[in-house]
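Data first, discussion second: the structure below is written as structure tokens.
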Amino acid sequence: MYIFIVMNIRVLFIVFVLFLNCKNENKPQEITSTKEKEYVLEDKPIVEEYDFNAFEKFLNIKDDKVYVVNFWATWCAPCIKELPYFEAIHENYKNKNVVVLLVSLDFPKQYQKKLIPFMQKHKLKSKVVALNDPDSNSWIPKVSEEWSGAIPATLIYNKEKRAFYEQSFNYEELKTEVNRFIN
């Protein structure tokens, strides 16, 4: 019995030492809090994860900015095709008080395998958040009564008006819509 206990303690010690020494700085780590999760890389937030109750604040900001909220996923070909246009709006309109928010609807198990590598490969500069709320029947109509749930979908709003688009954009179309919201 004594030998069994000593061996178990040694095994636990070895596992503990290995665990401390296995540091992979390039692998995102998950940090859990009560409201959301953050997936970080080298101590920098990469993706914040929200359920709809915590995410809803992004849909109702009342300030002097124009918000372009795009719902997309890495598995959605039309979404991927239009992402460069949202990135161009982010870059070209940042001095005009326009904020682009890319809302990933990727599956949580795919964040580290697909979403984060996609973001890094394409060097996304817009803020990216992950919406993880399986009760889409309750939150989709809160985004827009017109939304069937298909993506890509985009909400553009400011403190005075809002418009919802269940469609893909090219750059000129997106620019035209954003310009309608700029005072």
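Laboratory data are not the source of any read-out in this text; all were calculated from the coordinates shown. For clarity, every value in this text was computed on a predicted model and none was experimentally measured. Every residue, glycine as well, gets a Cβ built from its backbone with ideal geometry; the counts of neighbours run over all protein chains shown.
Would you list E172, E48, E91 from fewest to most Cβ contacts within 10 Å?
Ranking E172, E48, E91 by Cβ neighbours within 10 Å, fewest first, gives E172, E91, E48.
At what distance in nm do the modelled label points of K127 and N179 sit from each other, each positioned 7 Å from its Cα along Cα→Cβ?
2.7 nm
Beyond 25 Å between alpha-carbons counts as too far, so tell me which of K94/K161; K113/K175; K81/K121; K81/K127; K123/K159; K65/K125 fall in that bin.
From the list (K94/K161; K113/K175; K81/K121; K81/K127; K123/K159; K65/K125), the Cα-Cα distance tops 25 Å for K113/K175; K123/K159.
For labels at A163 and D135 in the simple 7 Å Cα→Cβ model, what's the distance in nm?
3.3 nm
Using Cβ counts within 10 Å as a stand-in for footprinting exposure, how do H122, H90 rank, fewest first?
Placing the least packed residue first, the sequence is H122, H90.
What list do you get for W147, W75 if you sort them by fewest beta carbons within 10 Å? Write out the running numbers ahead of the final one.
On the way: W147 19, W75 13.
Least to most surrounded, the residues fall as W75, W147.
Using amide H atoms built in the peptide plane, which far-off residues or other-chain residues are under 5 Å from V47 H to H?
Here Y39 satisfy the definition.
Among the DSSP beta bridges whose two residues both lie in region 29-179, what percent are antiparallel, rounded to the nearest 5?
60 percent
Quickly work out the I80-to-E172 label distance, labels modelled 7 Å from Cα along the C-beta direction, and quote it in nm with one decimal.
Distance between label points: 2.6 nm.
Using +1 at the C-beta of Lys and Arg and -1 at the C-beta of Asp and Glu, which of N179, A77, S138 has the Cα lying farthest in the positive direction of the dipole of region 29-179?
N179
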